[in-house]
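Read through the structure below, which is laid out as structure tokens, and then see the notes.
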Amino acid sequence: MHCHVNSVSDDSLPDCFDSDESLENELKTWSCSFNIPHSAMHALLKILRVYHTNLPKDPSTLLRTDTKYNVVSVDGGSYYHFGLAISVLKKIDKISHVSAFDIDSVLI
């Protein structure tokens, strides 16, 4: 969405910022389109909330991050499988100087 300023006065805002709801939608789209980290979104929301008090404080609320998990009841407790692939890929992203490594003799 393109924003156009109607006037140059200090109290004028771009047309697309007329409501916190449309601003919220723009922020969600922008955040997802550019893979903005939650830490950066949190800092941006802190700044924007000074002018838009109805915006959420946390990126998880803004992005409506799924917090429901498929927990299975097992004998004596509960089980949730986080997934090995996702965890390994997150670790690889954090270690930029490693080009390959192995887990149980499988080269990754």
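Would you confirm whether any residue within segment 46-62 is surrounded by 10 or more Cβ atoms within 10 Å (Cβ to Cβ), of a type in the set (S, T, Y) and part of a loop (DSSP other than H, G, I, E, B)? The answer is yes, given that some residue of segment 46-62 is surrounded by 10 or more Cβ atoms within 10 Å (Cβ to Cβ), of a type in the set (S, T, Y) and part of a loop (DSSP other than H, G, I, E, B).
Under the condition of being of a type in the set (S, T, N, Q) and touching a helix residue (DSSP H, G or I) at 6+ places or on another chain (Cβ under 9 Å), which residue from segment 20-34 is surrounded by the fewest Cβ atoms within 10 Å (Cβ to Cβ)? This residue is S22.
Going through (1) surrounded by 10 or more Cβ atoms within 10 Å (Cβ to Cβ); (2) over 16 Å from the mean Cα position of the chain (by Cα); (3) at pLDDT 75 or above; (4) not basic (K, R) one by one, G76 falls short only on (1). Number of residues in segment 77-93 that are within 18 Å of T67 (Cβ to Cβ) and β-branched (V, I, T) equals 1.
The values are calculated or read from the model by the stated rules, or taken from the named source; none is laboratory data. Not measured: the values here are computed from a predicted model. Here the Cβ is made from the backbone with ideal geometry for all residues, glycine too, and neighbour counts use every protein chain on show.
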